[in-house]
Amino acid sequence: MRDLPYHLWEPVIGLEIHVQLNTQSKLFSSAPNRFGDEPNANISVVCTGQPGALPVLNQEAVKKAIQFGLAIKGNITKISRFDRKSYFYPDSPRNFQITQYDHPIIRGGQLTLDVEGESKTFHINRAHLEDDAGMLKHFSTFAGVDYNRAGAPLIEIVSEPCFHSSKEASAYAQAIRAILLYLDASDGNMEEGSLRIDVNISVRPKGEQALRPRIEIKNMNSFSFLEMAIESEIRRQIALYTDSPHRTPEELIPPGTYRWDPETRETILMRRKESADDYRYFPEPDLVPIVLSDELIDEIASHLPELPQDRYRRYVTDLGLTPYAANLLVNDKKMCDYFEEALHIEPHPRALCNWITVEFAGRFKETGKTVMDSGILPKHVAKLVHMIEKQTITGRIAKAVADEMVTNPGLDPETIVAKNPDYQPVADVAAIEQLVDQVLSENPQSVIDFKAGKDKAFSFLVGQVMKLSRGKATPQIVNDLLKSKIAKG
């Protein structure tokens, strides 16, 4: 890889996130808003742009947009309207999209996030409602169009150009997705296209305030690809400026729309960028403006759920989780709800978090499953942690019990322990004392090292006792006996 002067350049990144709302019907018709059905099954005269077909606005989509605006502390526009955005493509049966250009339903907003240990605030320019296009499907000798997605309700969330690294952009995109999941406004499924990200990137010399020409990368459908594409494009632009210092930015970076090729790990030009004039925006004549009352906005605000940023703060401040662990949980609502359910039963948040996000996650890594969809109940994970905390079982026994829980989902860990004699911890002081005496006699140097202040030596002695007991000795008894005998010796 080329050695480029990255330290001399500052990336400037903005995101446009397109999120499909999970309403029962489409934005302007009663056709089902559903993924995975047979092609062209969920369509109507409105979806396919038949002459004379008139759109009727879906009120549930408006409500979900308001919820999102409140969640990001944006300004809810009391009077907003729709516009026509003209473009000609096979997946757009009307040859125009109904969107909000001049008067979006949400203006402004912000998110404060922890990115690599630093708290940062990112600003949102606007969010607006629009309907989706259909989907082109390419086959070996022909292409077809599936209009099932045509007319699906979207909210497009446009950030300010406020990100300066791929990590910042990815953290923001994940936070947006989490908010929509907590609001139950979208399923956020990136593989199915429910959430798609367009990224705008430019670079400029550090200290320069003006924005330079940018390019757009369309339809990123994973956070890892988003980060890779941003890094690749930053390298490409810095290389162009470095190799041709006497050419103007406009010559070197003509605005264009690119796609990300995960195989070559490069951005590929698709077409030169259109301007707003090319789309010939004008007010949508078939829809009246959206007029919202303060009473409606207040009513929606009063029923907002706990949002991920609030949950994150509670986890770090009240529960004592690390920022990394808290982020891991809140960005996966399904996992977070699983954790919450277990937490009601066993109030040991750190241990629960570790077992859910590390121990059980590791056991399901090869299968592609998660503990949430494995059949293992949250209360059973809570019981396992409870037995460890109460020293009913040792950590080594707990790992073996967890293995059995994975093999036989639904089994209560208390039942597993009760039925297996090998899982009964040894609490007989006399029996453990014999093992302690043996370890002390066989490891005199470790005793000397511990007395000299080397804590690792004590951990080694504990480990040797646990090894002799096959992990069954009660840890507290082992610790107490070792310390007592070393002190007397």
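From the gyration tensor of the Cα coordinates in the range 429-488, what semi-axes in whole Å does the equivalent ellipsoid have, largest first, with each one equal to sqrt(5λ)? List each step's numbers first, then the result.
Numbers: eigenvalues 61, 25, 21 Å².
In descending order, the three semi-axes are 17, 11, 10 Å.
Just to confirm a number: summing +1 for Lys and Arg and -1 for Asp and Glu over residues other than Leu352 whose beta-carbon lies under 15 angstrom from that of Leu352, what do you get? Let's see the in-between values first.
Values: positive: Arg311, Arg314, Arg350, Lys379, Lys383, Lys390; negative: Asp318, Asp332, Asp337, Glu340, Glu341, Glu346, Glu359, Glu389.
Surrounding charge for Leu352 is -2.
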Legend entry - Crossing angle, helix 395-407 versus the chain [Cα axis fit, 0-90 degrees, rounded to tens]: 50 degrees
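Would you mind computing Rg(Cα) / (2.2 N^0.38 Å) for the range 73-184, counting N as its residues? Intermediate values should be presented prior to the final figure.
Values: Rg = 17.3 Å, N = 112, 2.2 N^0.38 = 13.2 Å.
My calculation over the Cα atoms of the range 73-184 gives 1.31.
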Inset, instruction - List the relative contact order of the chain as a percent without decimals, with contacts defined as Cα pairs under 8 Å and 6+ residues apart. - result: 14 percent
Inset, instruction - Could you give the spread of the C-alpha atoms of the chain along their three principal axes, from largest to smallest, in whole angstroms? - result: 91, 57, 54
Legend entry - Protection-proxy order for peptides 26-39, 227-240, each taking the mean of Cβ atoms within 10 Å per residue, highest first: 227-240, 26-39
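How much of the pair distance distribution for the range 1-151 lies past 27 Å, counting alpha-carbon pairs only, in percent? Please report the intermediate quantities before stating the final value.
On the way: 4396 of 11325 pairs.
Percentage above 27 Å: 39.
Sorted by packing (mean other beta-carbon atoms within 10 Å per residue), highest first, where do 313-319, 416-422, 99-105, 219-225 land? Kindly include the intermediate steps, with their values, before the conclusion.
On the way: 313-319: 15.1, 416-422: 13.6, 99-105: 20.0, 219-225: 16.7.
Going by the mean number of other Cβ atoms within 10 Å, highest first, we get 99-105, 219-225, 313-319, 416-422.
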Inset, instruction - Return His18, His123 ranked ascending by Cβ neighbour count within 10 Å, so the fewest neighbours appear first. - result: His123, His18
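Arrange the following residues from fewest to most other Cβ atoms within 10 Å of their Cβ: Asp278, Asp114.
Going from sparsest to densest Cβ surroundings: Asp278, Asp114.
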Legend entry - Value in Å of the Kirkwood radius, where the range 80-140 supplies the Cα pairs that are averaged: 14.5 Å
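Per-residue ellipticity at 222 nm for the chain, helices alone: DSSP H runs ≥ 4 residues times -39500 (n - 2.57), over residue total, nearest 500 deg cm²/dmol? If you can, show how the numbers build up before the last one.
On the way: 18 runs with 191 residues, N = 489.
Rounded to the nearest 500, the figure is -11500 deg cm²/dmol.
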Inset, instruction - Just tell me which aspartates and glutamates come within less than 13 Å, Cα to Cα, of Lys120; anything on the same chain fewer than 8 places away is out. - result: Glu168
Legend entry - Spatial separation of Cα centroids for the range 179-233 and the range 437-487, in angstrom: 54 Å
Inset, instruction - Would you compute, for the Cα atoms of the range 363-407, the largest minus smallest coordinate along each principal axis and list the three values in descending order, in whole Å? - result: 32, 19, 13
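For a protection proxy built on the mean count of beta-carbon atoms within 10 angstrom, sort 362-375, 151-164 highest first, please. Display every interim value, and only then the final one.
Working: 362-375: 13.8, 151-164: 22.5.
Highest mean packing first, the order is 151-164, 362-375.
Based only on Cα atoms, what Rg/Rh ratio does the range 6-294 have, Rh being taken as Kirkwood's radius? Please report the intermediate quantities before stating the final value.
Numbers: Rg = 19.4 Å, Rh = 20.0 Å.
Expressed as Rg/Rh, it is 0.97.
Rule-based calculations on the coordinates, nothing more; no lab input. All of these numbers come straight from a predicted model, not from anything done at the bench. A quick note on method: Cβ atoms are made from the backbone with ideal geometry, for glycine too, and the neighbour counts reach across all protein chains shown.
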